[in-house]
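Taking it in order: structure first as structure tokens, then the write-up.
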Amino acid sequence: MNISLASWSLPSKLALVALGLGALALFGDPYGGGAVTIQPRELAAMVQKEVDHVSVQELSDWVLQGRTDYRLIDLRDATAYAAYHIPTAENLLITELPGDSLARNEKIVLYSEGGIHSAQAWFLLQAEGYKGATILRGGLDEWNDRILHRAPAASTPTAGTLPPTPGATVAAPPAVKPPPPAAAPAAAPKKKKKEGC
Amino acid sequence: MSAPFFKFGAFGDEASLVVAFAIGIGFGFFLERAGFGSARKLTDQFYLKDLAVLKVMFTAIVTAMLGIFYLSWMGFMDLSLVYFGSTYLVPQIVGGLILGVGFVVGGYCPGTSVVALATGKLDALVFLAGVTVGIFGFGEAWPAIAGFVNSTDLGPLTLPQAFGLRYGLVVFLVVVAALGAFKGAEAVERRMARREGAV
């Protein structure tokens with residue numbers, strides 16, 4: 001029997017290659033062992049270009065259209081969630097976040113009362129490789145103002161609903177606040193009212 | 001830059017249609033080159049005279065699987081971002097059987113019928129008319145069958161998850177199964193050819 005490779009037909013050689021690659025695969029892991037590299041520049045660019053945001057108008061359209069291709073995550077505690085939440089929202093605390101229930105190929109929309117918790121959760125998810133994570137711009141406050149109450153454009157900036165900062169010396173948090181008034185078209189013509197649960 | 005390119009925003013919705021078009025043309029071209037523009041060749045599969053369909057499809061599966069596995073392993077691709085649909089166990093079995101009957105009766109499957117039409121086969125035109133009627137029929141019947149179509153939803157499920165096996169082991173087993181199928185297919189073809197010759 002001739003074992004010299006040269007005498008093999010092309011299909012036989014290809015079969016051998018496939019078998020070799022298949023055998024080598026026994027030692028591999030396509031998910032890379034869970035190692036995710038964080039690229040700060042990429043994240044910063046996403047923030048700058050605001051591709052990490054979903055507006056309350058967009059979200060209300062999605063809810064009305066009955067779209068199911070996104071996961072809406074309410075980051076507030078269970079009591080607040082039970083009292084009111086945006087339709088289709090699921091309740092997950094930031095501590096439970098990557099969790100088993102979210103998949104890395106899903107579009108995830110995060111919201112909290114204002115924007116701080118969701119921004120923090122966004123970074124957390126991005127760092128875990130959940131590229132589809134986005135923030136609801138302005139959070140539940142803006143949802144209440146623009147979608148539920150249809151407040152005239154300039155009436156309630158989100159500052160009013162922020163809890164008073166206890167220690168006046170602590171400076172950091174407001175840096176991540178979204179810019180609320182700019183995004184809304186002044187007329188807000190076709191806003192839909194949407195009920196809660 | 002790593003794949004999937006669309007998910008990472010390398011191109012937008014419109015550009016993705018151009019990419020899809022190019023991939024579609026390539027797919028059709030290679031189906032045609034494999035001889036799948038001919039209903040005779042395709043249905044020979046079911047009479048065990050020519051198992052090219054089995055061999056081409058299994059080759060495509062092994063090639064794609066090894067490509068995805070190694071690209072992901074080497075870090076050129078993020079497998080966890082690749083979308084795939086849910087498994088609806090019973091509806092998909094029933095759908096597969098319906099498609100199989102259509103394949104035997106009509107001589108084509110949906111993709112190969114388009115390939116055959118592109119090469120000027122009139123029976124493919126008739127087949128595609130049937131496909132269109134079927135699509136409308138399905139749409140009209142939707143309220144009655146929606147419950148069934150959405151039943152036994154197992155979610156997006158992979159073989160490693162379903163069987164609790166390591167990913168690499170499943171890859172190896174699929175390669176072995178494919179090579180075994182090729183060997184078996186050749187044997188069957190030889191036997192059928194002998195029998196034809198004897199008659």
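What follows draws every value from the coordinates through simple rules; no lab data is involved. Everything quoted here is computed from the prediction, not taken from an experiment. For neighbour counting, all protein chains shown are included, and Cβ atoms are generated from backbone atoms with ideal geometry for every residue, glycine included.
Side notes on the structure shown:
- Two-site FRET efficiency, B:Phe21 against B:Leu159, from Cβ-Cβ distance with R₀ of 41 Å, rounded to 0.05: 0.85
- Residues B:Lys183 and B:Arg33, FRET efficiency given R0 of 25 Å [Cβ-Cβ distance, rounded to 0.05]: 0.60
- Span-like helix ranges in chain B, DSSP H, alpha carbon extent 20 angstrom or more, Kyte mean at least 0.5: B:13-33, B:52-73, B:89-106, B:122-149, B:167-198
- Backbone amide hydrogens, once placed in the peptide plane, bring A:Leu72 within less than 5 Å of A:Glu90, A:Val109, excluding anything fewer than 5 places away on its chain.
- Charge dipole (debye, nearest 20) of region B:13-198; +1 at Cβ of Lys and Arg, -1 at Cβ of Asp and Glu: 860 debye
- Cross-link partners of B:Lys49 among aspartates and glutamates (Cα-Cα below 14 Å; sequence separation of 8 or more within a chain): B:Glu186, B:Glu189, B:Glu196
- Remark on A:Val54: its backbone amide H falls under 5 Å from those of A:Ile135, A:Leu136, A:Arg137, a criterion applied only to residues 5 or more positions apart or on other chains, H modelled at 1.01 Å from N.
- Trypsin sites (Lys or Arg not before Pro) within region B:115-199: DSSP coil, no more than 16 neighbouring Cβ in 10 Å: B:Arg166
- Average other protein chain Cβ within 10 Å of Cβ, residues B:167-179: 5
- Over the residues of chain B, the helix contribution to mean residue ellipticity at 222 nm works out to -24000 deg cm²/dmol, using -39500 (n - 2.57) for each DSSP H run of at least 4.
- The modelled label-to-label distance for the pair B:Arg195/A:Glu58, using points 7 Å beyond Cα in the direction of Cβ, is 6.0 nm.
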